[in-house]
1. Given the structure, is A:E120 among the acidic types (D, E), touching a helix residue (DSSP H, G or I) at 6+ places or on another chain (Cβ under 8 Å) and over 27 Å from A:V237 (Cα atoms)?
2. Any residue in segment B:94-108 that is crowded, with 21+ Cβ neighbours inside 10 Å, within 14 Å of chain A (Cβ to nearest Cβ) and within 26 Å of B:C220 (Cβ to Cβ)?
3. Please list, ordered by first then second residue, the pairs with beta carbon atoms under 9 Å, 6 or more apart or interchain, first in segment B:77-88 and assigned by TED's automatic domain parsing to the domain that holds B:L12, second in a helix (DSSP H, G or I).
4. Quick one: count up the residues across segment A:22-69 that are under 15 Å from A:T195 (Cα atoms) and more than 10 Å from chain B (Cβ to nearest Cβ).
5. Filter segment B:1-11 down to residues that are touching a helix residue (DSSP H, G or I) at 6+ places or on another chain (Cβ under 9 Å) and surrounded by 15 or more Cβ atoms within 10 Å (Cβ to Cβ), then give me how many there are.
6. Give segment B:198-226 a look and list any residue that's away from chain A (no Cβ under 14 Å) and under 21 Å from B:F68 (Cα atoms), or say none.
7. Could you list, in sequence order, the residues of segment B:218-232 that are surrounded by 22 or more Cβ atoms within 10 Å (Cβ to Cβ) and among the aliphatic types (A, V, I, L, M)?
8. Limited to segment A:180-239, what total is found for residues that are in contact with a Lys or Arg (Cβ under 8 Å, 6 or more places away or on another chain) and of a type in the set (F, W, Y)?
Amino acid sequence: MAEPGLKVNLGGIELATPILAASGPFAYGHQYRELIDFKNLGGLIAKGVSLEPWPGNPPPRLAETPAGLLNAIGLQNPGLTYFLENELPLLKNYSPRLIVNIVGCTVDEYAVVASGLSSEGGVDGLEINISCPNIKAGGLAFGTDPALTYEVVSAVRRQTTLPLLVKLSPNVTSITDIARAAEEAGADALSLINTLSGMLIDIEEKRPLLGNIFGGLSGPAVLPVALKMVWQVAEAVSIPILGMGGITSAEDAIQFILAGARAVAVGTGIFYNPNLPGLIKEGIIDYMIRHDFSTPGQIEGLARKGAE
Amino acid sequence: MQACPVTEKRILAAGHCRLTLKAPVLVREAYPGQFVMVYMPDEHRHMLPRPLSIFALDRQKGELSLLFAVKGEGTRLLAGAITGSVWKLLGPLGKGFPALPPKALLIAGGMGIAPLVFLAASTESPRTLVYGARTASQLACPPEDLELPGLKLIVTTEDGSRGRKGNVTDMVYPLLSDTEALFACGPVKMLQAVVSLSEKYKKKAWVSLEERMACGIGACLGCVVAGKKGYSLVCSDGPVFPAKEVVLHG
């Protein structure tokens with residue numbers, strides 16, 4: 001039997017494999033060029049870009065937890081102009097499909113960044129990080145409120161014809177309400193989950209371990225939470241889902257696809273194994289051969305059908 | 001990333017371990033002050049590789065040694081390594097020390113000895129190493145292992161249980177008039193004292209810093225230190241910095 005094809009279409013973006021590099025750990029990719037084979041990736045999601053440079057949080061920014069990683073980098077990035085002039089030209093050379101994550105403190109900021117990125121060639125899609133605090137709403141994260149989510153997503157939608165992903169925060173009462181708001185505002189796909197909010201305390205120093213006090217938890221520890229949310233959101237919306245949260249193997253990735261994800265992204269997992277995308281690709285092919293699937297689309301949401 | 005078998009393990013004074021691994025490719029390129037990321041064998045529980053300074057090299061055998069204190073789960077796993085077990089290493093990483101000028105003064109506090117032994121072994125021209133700890137059992141590297149050609153060694157402990165009694169800075173002060181430049185690694189308070197002495201006596205100084213890391217290659221932005229122009233990355237801008245470029249916080 002011929003090797004199964006791995007192509008999928010994520011909200012209008014044709015991907016050679018259903019495996020993406022999640023926004024954040026990969027930065028803008030250069031550092032990993034000698035460590036990983038980008039051909040195994042369907043796409044790379046560039047780390048969040050804001051209008052002006054953001055300095056990020058004071059150290060310490062990281063702590064390992066059991067099967068997890070707590071981080072508070074603070075979305076440090078060089079800003080839109082620097083990104084367009086210095087990072088994008090390099091990224092275009094080696095990124096399979098390039099999706100750029102955008103961040104902002106106000107709706108206008110998101111819109112300006114989206115507009116700036118859309119006017120350059122080489123960007124295949126945008127991903128809106130709606131977990132940023134909205135300065136005009138007293139620091140309430142956009143992604144915790146359906147109305148704010150609708151407002152920021154529709155503002156970005158008006159600025160771009162590029163496929164638009166919205167990255168959902170798990171730190172909400174009802175993720176399906178947020179997912180529906182994003183879909184109604186014009187999102188082409190949803191990414192989930194972002195990190196779970198958390199903290200650690202240094203008992204010798206008797207103070208919070210992270211410089212920012214609070215951080216976001218990722219890694220295998222969050223996988224069951226992420227999987228459940230993908231399952232729930234898949235039921236609530238009709239746009240495709242990019243599933244992520246603690247994926248460190250092909251088996252993990254296949255669970256997300258069975259729950260209803262069109263594609264998956266790896267983040268923290270690449271810290272322990274930079275070759276994770278290659279490993280997942282091999283494992284998905286092997287699974288498809290064993291179960292006689294010819295496209296990943298045939299697996300999508302299959303576990304849901306059994307449960308209905 | 002390279003798979004590196006352990007060729008020798010030595011458990012040193014309480015809670016300290018010296019591990020030697022065969023890593024010919026890495027050894028060919030490494031210079032003093034650089035580090036390696038050591039990947040954990042039970043990767044699903046311990047997601048992050050551990051950054052460890054290169055302590056010593058044997059270029060002929062293609063081996064490198066790491067010296068570390070058992071402080072958390074990663075170093076405990078590493079101290080449990082058996083000879084012949086294979087560990088994945090990434091490196092050499094980071095920007096290390098500049099070449100030692102004559103009359104260099106090397107200053108190590110506690111585990112800060114690790115990169116400075118590699119540095120001290122990089123030349124035979126006259127140089128001094130001040131090596132201090134709170135007490136004798138905290139001298140991770142046995143002073144008798146530090147007999148290198150041309151090296152003047154001053155050992156100091158705060159409680160006087162080994163070498164001269166006092167702290168590292170007390171020993172550094174009288175040496176400054178005959179010193180060209182300072183190279184230091186150790187606790188932040190010690191580094192702050194060394195840096196302020198270097199400024200007062202107008203001597204060039206370099207410091208090697210430690211920070212929690214995830215990627216080790218400048219991508220994740222997890223290991224920052226404040227500098228005069230915003231944050232720098234300890235893994236790829238350092239871990240060795242000219243003292244005047246960083247702001248040290250305890």
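The values are calculated or read from the model by the stated rules, or taken from the named source; none is laboratory data. Just so we're clear, the structure is a prediction, and the values are computed from it rather than from any experiment. Note that each Cβ is placed from the backbone with ideal geometry, even for glycine, and that neighbours are counted across all protein chains shown.
1. Judged against the criteria, A:E120 is a match.
2. For segment B:94-108, residues crowded, with 21+ Cβ neighbours inside 10 Å, within 14 Å of chain A (Cβ to nearest Cβ) and within 26 Å of B:C220 (Cβ to Cβ): present.
3. B:W87/B:L78
4. 3
5. First, pick out the residues of segment B:1-11 that are touching a helix residue (DSSP H, G or I) at 6+ places or on another chain (Cβ under 9 Å): B:2, B:4, B:9, B:11.
If we keep only those that are surrounded by 15 or more Cβ atoms within 10 Å (Cβ to Cβ) as well, we get B:2, B:4, B:9.
The number of residues fulfilling the criteria is 3.
6. Going through segment B:198-226, the residues away from chain A (no Cβ under 14 Å) turn out to be B:198-208.
Those that are away from chain A (no Cβ under 14 Å) and under 21 Å from B:F68 (Cα atoms): B:V207, B:S208.
7. Once the filter is applied, which keeps residues that are surrounded by 22 or more Cβ atoms within 10 Å (Cβ to Cβ) and among the aliphatic types (A, V, I, L, M), segment B:218-232 yields B:A219, B:L221, B:V224, B:V225.
8. Going through segment A:180-239 one residue at a time, the tally reaches 1.
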